[in-house]
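Values quoted throughout were computed directly from the atomic coordinates according to the rules given, and no laboratory measurement underlies them. What you are looking at is a predicted structure, and each value in this text was computed from that prediction instead of being measured. Cβ sites come from the backbone with ideal geometry, for glycine too, and all protein chains shown count toward neighbours.
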Amino acid sequence: MKYKGVIFDLFGTLVPAFPRDEYVQNLTKMADILGVPSEEFIGYWFGETWEKRAKGFFSRIEENIEYIVQILGKNPDITLTRAAVDARMEFIKERMTPKPEALEIIKSLKQLGYKLGLISDCSAEVATLWPENPLADHFDSTVLSVLARTMKPDPKIYLICASELGLDPEEIVYVGDGDSNELEGARDVGMLPILIRDSGENKGREHRIIDIVEDWDGLKIDSLRSLLTLLETL
């Protein structure tokens, strides 16, 4: 077969995208625990600290929280920081529950002989929780931005994964929901990008750091199950 590997995005692809309102509610809860203004805390979380968090500048979530608290004019309190971390970890763990069909599709791809990779722009919480995820043991390469210290669409993050799979980029299909210009990044290094837009998800409620590209002119699927059918035609 022409394509020997499949690389997946995580959020919005193998696990549901974050619902925007729930994401904000969690950050508000963290701000309340810390005793800082929620609107300002959320602004810094979504703003300047996102890239620092995703590129490993903050190797622990505590560091990110303490950084914002100090910007907001307070001295970090260890007990309050720990409580805010616990609230964050509980939320992220719940949100990392795989889509119902995800494990089945991953196993089917492995049985068909595909090498599987995962690339995710994420912070320390995801890196901490990923090893206990039901999907984790089924990937031949997992590249998390917080550990790789680079983010999509930087060519480096795709090439690291391809190298770990032992494949040329031209032998790899990349599947993602289009966030962070990930599809363009995959295409630029020679991979075949496929946009997944799950018809069962409410697009209006999804959280996005960078809005998804709605006018994607490449291949598209509406579910993970559709990927198996598409791969048969490539």
Filter the stretch 132-181 for residues that are of a type in the set (Lys, Arg) and surrounded by fewer than 20 Cβ atoms within 10 Å (Cβ to Cβ) and give the result.
Arg149, Lys156
Could you run through the stretch 61-107 and say how many residues are touching a strand residue (DSSP E or B) at 6+ places or on another chain (Cβ under 9 Å) and surrounded by 15 or more Cβ atoms within 10 Å (Cβ to Cβ)?
6
Report, by residue number, each residue of the stretch 72-87 that is assigned to a loop (DSSP other than H, G, I, E, B) and of a type in the set (Lys, Arg).
Lys74
Pick out, from the stretch 1-71, the helices (runs of 4 or more DSSP H) lying fully within it that include 2 or more residues that are polar (S, T, N, Q).
20-34, 61-71
If Lys93 satisfies all but one of (1) outside any helix (DSSP H, G or I); (2) under 18 Å from the mean Cα position of the chain (by Cα), what's the number of the condition it fails?
(1)
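Residue-by-condition table, conditions (1) out of contact with any Pro (no Cβ under 9 Å at 6 or more places or on another chain); (2) at positive phi:
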position	(1), (2)
Ile33	yes, no
Glu40	yes, no
Lys52	yes, no
Gly56	yes, yes
Ile61	yes, no
Glu66	no, no
Gln70	no, no
Lys74	yes, no
Ile78	yes, no
Collect the residues in the stretch 142-170 that are touching a residue at least 40 places away in the same chain (Cβ under 8 Å) and polar (S, T, N, Q), keeping them in residue-number order.
Ser145, Thr150
In the stretch 149-182, what residues are more than 14 Å from Phe8 (Cβ to Cβ), small (Gly, Ala, Ser) and in contact with a helix residue (DSSP H, G or I) (Cβ under 6 Å, 6 or more places away or on another chain)?
none
